[in-house]
Structures are given as structure tokens and as C-alpha cells.
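What follows draws every value from the coordinates through simple rules; no lab data is involved. Everything numeric here is computed off the predicted structure, so don't read it as measured data. Heads up, the Cβs are rebuilt from the backbone with ideal geometry, glycines too, and the neighbour counts pull from every protein chain shown.
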Amino acid sequence: MKRVVIGLSGGVDSSVAAYLLQEQGYEVIGLFMKNWHDDTVTISNECPWLDDSNDAMLVAEKLGIPFQTVDLSEEYKERIVDYMFNEYEKGRTPNPDVLCNREIKFDVFMKIALDLGADYVATGHYCRKGTLEKDGESVYQLLAGVDGNKDQSYFLCQLSQEQLAKSLFPIGELTKPEVREIAMSLDLVTAEKKDSQGLCFIGKVKLPDFLQQQLKPKEGVIVEISNDLDIYKETEQSFASEEEKLAYLSRKIDYKVDLGKIVGKHQGAHYFTKGQRKGLGVGGTIEPLFVIDTDVNENVIYTGQGKAHPGLFKRALFVTNDELHWVREDLAVANGETMEVLARIRYRQALEKATLHKVELGMYVEFENPQSAITEGQFVAWYFEDELLGSGVIS
């Protein structure tokens, strides 16, 4: 019997995943990851991780599998929380869920599991793993989950071949309703439990409250930029090269306060992100205001009216070499080469047609249609059909 350590989160997905592994004949061990215990930032006096670990323990008991809790809060603080504050300070918007998978679940946690003699680590993610033979070697594929509504392959976009080799995703072939049905039939305590919201593992935390602990509030102005500004009217230019054109399409517009009008005040540009509509506290406009850019150095937020504001849209983005990652290293694009793919810049966004252009310093992702709120610090992931090939941090 091969041994599998499953990350039991106290949710329905990992509960059913554990049961399915048992059914497939694996020896299953359940581990709950405690990644946070700073109660000063949880909003309510609920203690979500305690409830979750209790539920995980009850599920393990019901299934008759060994269970223990591992405390990874130190590693989590170093690798996720500090990184997040760092990114926000630079005016970028990180994705803690993607990092949590790369750094915690499939690294720190995986090492603990392998030390326990595990052959594999399993999670309750809605995605699938494929295996190909290529030149006598096994190549692992990260495939979208069958449930298009719940597919979580995007969150695993930073995994490596070594990590995939040791991973199992038991519920990837199922839909969410099927997973709930199995949990109900087994009478699991998690069967009707709501999906967890909020930061990966931190429980019910309001992000601004959380950030305010480290990043001190600092008053600045909110500027509204009109949608008929001259910079948006530039016609098709002629470029000396394809790379020059891509650099132009992915450029960051250099907004200045005198390009628009001051319409309000805010408590810190680093609390806001592109495309954000809530929390601006400015009324009286015909259409709602959206954040089109933030300047953390000058502490200014630039906004525009309506979700069709031209300041929200771009056709291309850039990823630097050191933030470029291929799940399928064997398919990596070489300098000067291009590749037609489907790509997304956020979880649950529909896949969009795009072309990868590899250049000396990194890679451009050029979309067929302009994309709204391309945000620095977030991940772009690219696919061929239902296979995720690689990803990168938007620079």
C-alpha cells in the first residue's frame, strides 16, 4: 500500500479527497496545517482555525485515519505574510493563494509528509494530474478540473515537475455538487460547510485591517482622470520592431495629478488595487469610480468613471525572466520564439486567446482582446487546451 498524506483543511473538498484515496487502496494520513495564530487581526472573536482543525479531526475519526496538526505559522509568516507586506509596499498586489501552494502546501508541508514516509501528498484542489512519457522520462501535466465552475489549476500555476510528481488531486474528476453528495452519503461533518473565504488559512480577515498593522495609514489624494484624455487617443504608431510594439502595448501610463481633478482623500495608496471599486468613499459621479492606477511613491490614487474606462485596459503585459515559471519545462519558449496559448490574469476569469513572445529580458503576453485591470504582482497563467503550461508574475 502506498502512503498518502492529505492536507485536511476542515472543508468538504479535502474530506472527500481523503475518502476517495482510501477507496483507491492507499494508506491515508490526515494532517491539518496551522498557519496562523495571531488573533489580533481576526475580525470577530471566532477562532476559525480551531473550528477547522476540529472538523478535520472529526472527519479523520469518521474515516478511521490517523490525524495530527502541524504548526507552520513561522514559515507562513516568513514566506507569505512578509512577502505580502513587501509587495503591497512596492505598490504591487500579491496573490497569497498561489504562493501558499508553492511555498507552504507543496514545499514545507510536502517535506514533512515525505519525512513521514509518504509516497504522495494530496489536496482537495479541483484540478487533475496527467503523465506523459517523453524520451524515456515521465513528464507531469497540470490539467484543469472537470468542474469548469470550480477549476483551481490557476492556484497551482507555480508548481514544479518535482512537486507534481509527488502530488495527487483526488476530486479533480468530480464537480462540487458530486463532492457534496459523497460527503452527505458518508454523513461527514463538513458535508454542508460553506467554502472558506478570506486569505489562504488566515480565516476571516479584512485585508485592509490586516495591512494596516504593518503599513501605516498616510493621507493622500484621489484623482479622477477623464476618459477622453489625449493619452488614450493615440493612434496606431509605427514601430521599429515587434518588441518595441509590445513594450508600448504593455507600458504603464505615467499619470500626474494635474492630468485630472482631485475628488477625494484616501488613507494610503498601498491599500488599493487596480480595478477596485469599493472603499473609495467618493460619491456624486454619474458612473462609479474604479481605480485605474496607484502611485505609492507619491501616495496618489488615480480613478476613472465606469468599468469601460480606457485607463483600465491593456493588450499586453510583461514578465521578467526571474519571475517566469514553466510547469512544462520541456515546452518552454526560447528567445525570439512565440507560442499561441489561452491565458488568464486572475482566478475564475475565462481563458482568453493570447500569444507569448520570448525576448532577452523576459516574456510578453499579448492578448487578442484588451484585458481589464492587468495588475502588477498578480499571476498570469497560460494554457494549451485544458493543460496549464506555465505562469509568471505580472511586472
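Annotations for the structure displayed:
- The distance from the alpha carbon centre of the range 115-142 to that of the range 328-395 is 23 Å, rounded to a whole number.
- Rough spin-label spacing in nm, given labels placed 7 Å along Cα→Cβ, for K2 and R277: 4.6
- In plain terms, the C-alpha convex hull of the range 209-250 casts an average shadow of 5.9 nm² when viewed from every direction.
- Each 5 Å bin from zero holds the following percent of Cα-Cα pairs in the range 125-166: 6, 24, 28, 21, 13, 7, 2, 0.
- For the range 60-180, diffusion coefficient by Stokes-Einstein and Kirkwood Rh (Cα), 25 °C, 0.890 mPa s, µm²/s: 152
- Using the Cβ-Cβ distance between V257 and A350 with R0 set to 45 Å, the FRET efficiency works out to roughly 0.80.
- Mean Cβ count within 10 Å, highest first, over the residues of peptides 268-276, 346-354, 302-310: 268-276, 302-310, 346-354
- The shape of the range 293-395 can be summarised by an equivalent ellipsoid whose semi-axes, obtained from the alpha carbon gyration tensor, come to 25, 16, 12 Å from longest to shortest.
- Once the C-beta distance of F384 and E243 is scaled by a Förster radius of 22 Å, the resulting FRET efficiency is 0.40 to the nearest 0.05.
- For the chain, complete DSSP H runs whose alpha carbons reach 15 Å or more along their own long axis and whose mean Kyte-Doolittle score is -0.5 or higher are 12-23, 48-63.
- Diffusion coefficient, µm² s⁻¹, Stokes-Einstein with Kirkwood Rh over alpha-carbon pairs of the range 51-91 at 20 °C and 1.002 mPa s: 171
- One decimal place: the segment E27-N335 gains 106.3 nm when fully extended, by the rule 0.36 nm per residue minus the C-alpha distance.
- Only helices enter the 222 nm calculation for the chain: every DSSP H run of n ≥ 4 contributes -39,500 (n - 2.57), and dividing by all residues gives -5500 deg cm²/dmol, rounded to 500.
- Each residue, N149 and K129, gets one label point 7 Å from its Cα in the Cβ direction; the gap between the two is 2.8 nm.
- Within the chain, percent of DSSP bridges classed antiparallel, to nearest 5: 75
- Virtual spin-label span in nm between D322 and D115, 7 Å along Cα→Cβ: 3.0
- Principal semi-axes in Å for the chain [√(5λ), Cα gyration tensor, largest first]: 39, 27, 17
- Sites A308 and E137, calculated FRET efficiency, Cβ-Cβ separation with R0 30 Å, nearest 0.05: 0.05
- Summary value for the chain: 16 percent relative contact order, contacts being C-alpha pairs under 8 angstrom separated by 6+ residues.
- What the Cα convex hull of the range 3-213 gives, in volume per residue, is 129 Å³.
- The residue list V59, H125, M110 was ranked by how far each Cα lies along the charge dipole of the range 48-125 toward its positive end, using unit charges on Cβ atoms, and H125 comes out on top.
- Length added when fully stretched, I286-Y83, from 0.36 nm per residue minus Cα-Cα: 69.3 nm
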